[in-house]
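This report concerns only the one structure given below.
The values are calculated or read from the model by the stated rules, or taken from the named source; none is laboratory data. Everything numeric here is computed off the predicted structure, so don't read it as measured data. Counting neighbours? That spans all protein chains shown, and the Cβs are built from the backbone with ideal geometry, glycine included. Heavy atoms of the whole protein, side chains included, go into the accessibility calculation; ligands, DNA and RNA do not. Shrake-Rupley method; radii C 1.70, N 1.55, O 1.52, S 1.80 Å.
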Amino acid sequence: MQEFNHYSVMLNEAIDALNCDNSDKIFVDATLGGGGHSELILKKISQKGRLISFDVDIDAINASRERLCEYKNLTIIHDSYTNIRENLEKMGIKKITGGIIYDLGASYHQLTSQSRGFSFMKDSPLDMRFGENSKLSAWDVVNKYKESQLVEIFSKYGEEHYSKRIARAIVNSRPINTTLELVDIIRKSTPKTNTKTHCATRVFQAIRIEVNNELLNFEKSLKDVVTLLDTGAIISVITFHSLEDRLAKTLLKNFSLNCRCDKSIPVCRCEGKLVELVNKKPICASEEEIKLNPPSRSAKLRVARRV
């Protein structure tokens, strides 16, 4: 198996936001990945503190279990962050007292793996599933979706300007079995430009988001988790593209409103203000970090505190 490599973007900024130094509270890492954020949390909290980390990727689980084996106050759960509530209830935990971190998107390991199908630079079967138990794969999207469905996801999740042209070419070229077959179709369907962005970037992003239901899963999880947070607990969210950041910004801003009820309702029936925004503008990676890890340039960190 390929070694699991993953650079933890804005590691210190994201964990500092949790205020977890010497804390004996309960923290959650919703996206364990390579274990970078989890490890720093574990180094900072007290021995009475507790961390519960989630991931659907068994490669990430196995690598992080080995990396973090010395920590006795860590529980790693092989499950989606959409099921945080159910898992905490099984453990008898009613509240996340310290905070939660989300590091969204795919890991470096997933994006560069020869076998996972995330990369448009390596030839591999069309897969792109974060978890091995997921039923929908990139092959299903590329070979089974109607042309109109492809146009919709390329436009919505990839903000691709040539969605119609690419979708039509895909449908006319089926069956498509590998990543480089798909890249070749995309390349032939789009005009050459001077941009440094690879012609397949937006389409591959769109397919990955569709396969893993990324945006809807994050929205579902955050809406659920915010009610699990104890007063003062922190939400720390790292996003990597505009769609994720826009969703995080919208959700957190909505949670910060004094009332979210329909204006036609005369009496407030919602729970009122749930969080206060710690940073109204996103925190971005430093120039030094971007030099070390160029993909960090697209990362944005948003932080909120439960009230």
Practice prompt. Could you list which residues have their amide H under 5 Å from that of residue 76, counting only those 5 or more apart in sequence or on another chain, with H placed in the peptide plane?
Written response: 53
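What number, in percent, do you get for the relative contact order of the stretch 140-221 if the mean sequence gap of Cα pairs under 8 Å and at least 6 apart is divided by its residue count? Please list the in-between numbers first.
Working: 71 pairs, mean separation 28.7, N = 82.
Relative contact order of the stretch 140-221: 35 percent.
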Practice prompt. Compute the signed sum of charges (Lys and Arg +1, Asp and Glu -1) over the other residues within less than 13 Å, Cβ to Cβ, of residue 78.
Written response: -4
Worksheet item: Along the positive direction of the dipole of the stretch 172-307 (beta-carbon charges: Lys, Arg +1; Asp, Glu -1; about the Cα centre), which of 266, 201, 285 reaches farthest?
Response: 266
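Figure the gain on full extension for residue 132 and residue 284 (residue separation times 0.36 nm, minus the Cα-Cα span) and round it to one decimal in nm. Walk me through the numbers before you get to the answer.
Details: separation 152, 0.36 × 152 = 54.72 nm, distance 3.21 nm.
Gain on stretching residue 132 to residue 284: 51.5 nm.
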Worksheet item: Per-residue HN-Hα couplings for the stretch 257-267, Karplus 6.51 cos²θ - 1.76 cosθ + 1.60 at θ = phi - 60°, whole Hz, x for Gly and Pro?
Response: 6, 5, 8, 10, 6, 4, 5, 6, 7, x, 10
Worksheet entry | Surface per residue (accessible, 1.4 Å probe) for the stretch 137-206, Å² | 56 Å²
Worksheet, complete the sentence: From highest to lowest solvent-accessible area (probe 1.4 Å; ligands, DNA and RNA excluded), 82, 75 read 75, 82
Item to complete: Could you name the lysines whose alpha carbon sits less than 19 Å from that of residue 43, not counting residues in the same chain fewer than 8 places away?
Response: 25, 72
Worksheet entry | For residue 299, distant residues with modelled amide H under 5 Å away | 285
Practice prompt. Starting from the amide H of residue 124, placed 1.01 Å from N in the peptide plane, find each other amide H under 5 Å away whose residue is 5 or more places distant or on another chain.
Written response: 179, 180
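Calculate for the chain the 222 nm mean residue ellipticity that helices alone would give, adding -39,500 (n - 2.57) per DSSP H run of length 4 or more and normalising by residue count, nearest 500 deg cm²/dmol.
Values: 13 runs with 122 residues, N = 307.
After summing the helix terms and dividing by the residues of the chain, the value is -11500 deg cm²/dmol.
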Worksheet item: Along the charge dipole of the chain, Cβ charges K/R +1 and D/E -1, which of 120, 236, 153 sits furthest on the positive end?
Response: 153
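Ignoring any ligand, DNA or RNA, what whole percent of the accessible area of the chain comes from carbon and sulfur when the probe is 1.4 angstrom? Show your work: numbers first, answer last.
Working: 7610 of 15560 Å².
Accessible surface attributable to carbon and sulfur in the chain totals 49 percent.
If you place +1 on the Cβ of every Lys and Arg, -1 on the Cβ of every Asp and Glu, and leave all else neutral, what size is the dipole of the chain about its Cα centre, to the nearest 20 Debye?
That gives the chain a dipole magnitude of about 980 debye.
Based on Cβ point charges of +1 for Lys and Arg and -1 for Asp and Glu, what charge dipole magnitude is obtained for the stretch 104-234 about its Cα centre, in debye rounded to the nearest 20? Kindly include the intermediate steps, with their values, before the conclusion.
On the way: 19 positive and 15 negative charges, 116 e Å.
For this selection, approximately 560 debye.
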Worksheet item: Leaving out ligands, DNA and RNA but keeping every protein chain, what accessible area does residue 162 have, in Å² rounded to the nearest 10, with a 1.4 Å probe?
Response: 80 Å²
Worksheet item: Where in the stretch 105-123 does the amide nitrogen come within less than 13 Å of the point 7 Å from the Cα of residue 187, taken along Cα to Cβ?
Response: 120-123
Response to the item:
Percent relative contact order for the chain, counting Cα pairs under 8 Å at least six residues apart, stands at 18 percent
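Using heavy-atom solvent-accessible surface (probe 1.4 Å) with all chains present, what is the largest-first order of 188, 263, 300? Display every interim value, and only then the final one.
Details: 188 160, 263 200, 300 75 Å².
Ranked list, largest accessible area first: 263, 188, 300.
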Worksheet, complete the sentence: With every protein chain in place, the accessible area of residue 219 for a 1.4 Å probe, in Å² rounded to the nearest 10, comes to 50 Å²
Practice prompt. On the full set of protein chains, 1.4 Å probe, figure out the accessible area of residue 91 and give it in Å² to the nearest 10.
Written response: 60 Å²
